[in-house]
Amino acid sequence: MSILAAEETHNPLIPPLGEIIVGLIAFAVVYFVFARFVAPRFEQVFRARREAIEGGIERAEAMQAEAKAALEQYRAQLAEARSEAAQIRDQARAEGQQIIEELRAQAQEESARIMARGEEQLATARQQIVNELRGQIGTLAVDLAGRVVGESLAEDVRRRGTVDRFLDELDAMAAAGDGRSDGAVVVPESNR
């Protein structure tokens, strides 16, 4: 009972005065240590963190601006490269056309030269054939004329003169184009 009586005089909600003083001194010591050592350290850490974050944001903005500038430079270089490629393609096409035109001109010159050479060869061959035929026709004509006339036209000078005159008259008649297309040979007046 004595415990109950002692408890009744003492209010359980209010701590004893000694505990309050010890609690205040302990609180003052903790507050002093906290204010003197811990709070400045927290402030330092917060400031460093804020500076790091702000610096990071500034660096990120600077890097973003740098990346944007690099992107613009890349786009400009890409546009320049495309323009240069288009110029190179156009130049290559022009050079290709020029080469094609040169090759065509060379081919036409070569073709013309070959045709001229062929025409010369044909003219030479024609002249040889005409000369051979003249000789053969002359010989046949002299033999035939010798049989018809009954005298020998074996002398070369006389025969050559007669043959040449006969062939010249044939050439003149062919050049005059007397309009005959039936293939009949007209004997000149001098040989009748």
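At 0.36 nm per residue, and after removing the present C-alpha to C-alpha distance, how many nm does the segment from residue 164 to residue 74 gain when stretched out fully? List each step's numbers first, then the result.
Numbers: separation 90, 0.36 × 90 = 32.40 nm, distance 9.20 nm.
Full-extension gain reported as 23.2 nm.
Can you run phi through the Karplus equation (6.51, -1.76, 1.60; θ = phi - 60°) for the range 77-84 and list ³J(HN,Hα) in whole Hz, with x for Gly and Pro?
Per residue, the Karplus-derived 3J(HN,Hα) values read 5, 5, 5, 5, 5, 5, 4, 5 Hz.
Please state the charge dipole magnitude for the range 18-164, taken about the Cα centre, from unit charges on C-beta atoms (+1 on K and R, -1 on D and E), reported in debye and rounded to the nearest 20. Write out the running numbers ahead of the final one.
Numbers: 20 positive and 24 negative charges, 105 e Å.
For this selection, approximately 500 debye.
Please compute, for the alpha-carbon atoms of the range 15-121, the extent along each of the three principal axes and give them in descending order in Å.
146, 19, 16
Find which of 20, 70, 122 sits farthest along the positive direction of the dipole of the range 1-124, computed with +1 on the beta-carbon of Lys and Arg, -1 on that of Asp and Glu, about the Cα centre.
Positive-most Cα among the choices belongs to 20.
If you plug each phi of the range 133-143 into the Karplus form 6.51 cos²θ - 1.76 cosθ + 1.60 with θ = phi - 60°, what whole-Hz ³J(HN,Hα) values come out, in order, with x for Gly and Pro?
Once rounded to whole Hz, the list reads 5, 4, x, 5, 5, x, 5, 5, 5, 5, 4.
Apply 1/(1 + (r/R0)^6) to the Cβ-Cβ distance of residue 125 and residue 93, taking R0 = 35 Å, and write down the FRET efficiency to the nearest 0.05.
Details: r = 47 Å, r/R0 = 1.33.
It comes to 0.15.
Roughly how many nanometres apart are two label points built 7 Å out from the Cα toward the Cβ at residue 84 and residue 33?
Each label point lies 7 Å from its Cα, and together they span 7.1 nm.
Every number here is computed from the coordinates shown, using simple stated rules; none is lab data. What you are looking at is a predicted structure, and each value in this text was computed from that prediction instead of being measured. Because the Cβ atoms are built from the backbone with ideal geometry, glycine has one as well, and the counts that use them run over all protein chains shown.
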